[in-house]
Amino acid sequence: MFFVYLLRSFSNPEHIYVGITNDLERRLMEHNQGRNVHTNKFKPWKLMTSIAFDERGKAEAFERYLKSHSGRAFAKRHL
């Protein structure tokens, strides 16, 4: 199972991070421990939502979409 997830920063609630993982709990812990250079300065994080996929390719495609301009607008309205 692969998860596309959205995190919201506690310190800067306007900042949202989109990622993909096969272990959601571990990945959230890594973000909050500062192990990711892209999310370290906005920690701590809370999980907004996650979407599960059976296939990695579909999860990667959805992650790319959410990182696009129209995907960010979609996430802001619906997720």
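A few comments on the model shown:
- One residue from E55, E63 being touching a residue at least 40 places away in the same chain (Cβ under 8 Å), among the acidic types (D, E) and in contact with a strand residue (DSSP E or B) (Cβ under 6 Å, 6 or more places away or on another chain): E63
- The range 1-56, subset among the acidic types (D, E) and farther than 22 Å from H69 by Cα, residue surrounded by the most Cβ atoms within 10 Å (Cβ to Cβ): E30
- Leading residue by the ranking (surrounded by the fewest Cβ atoms within 10 Å (Cβ to Cβ)) among those in the range 66-79 that are in contact with a strand residue (DSSP E or B) (Cβ under 6 Å, 6 or more places away or on another chain) and modelled with pLDDT of 95 or more: K67
- Residues being within 12 Å of the chain's Cα centre (by Cα) and either within 21 Å of N12 (Cα to Cα) or part of a helix (DSSP H, G or I) (or both) - total across the range 39-59: 8
The values are calculated or read from the model by the stated rules, or taken from the named source; none is laboratory data. If you're wondering where the values come from, they're calculated on a predicted model, not measured in any experiment. Every residue, glycine among them, receives a Cβ derived from its backbone with ideal geometry; neighbour counts consider all protein chains shown.
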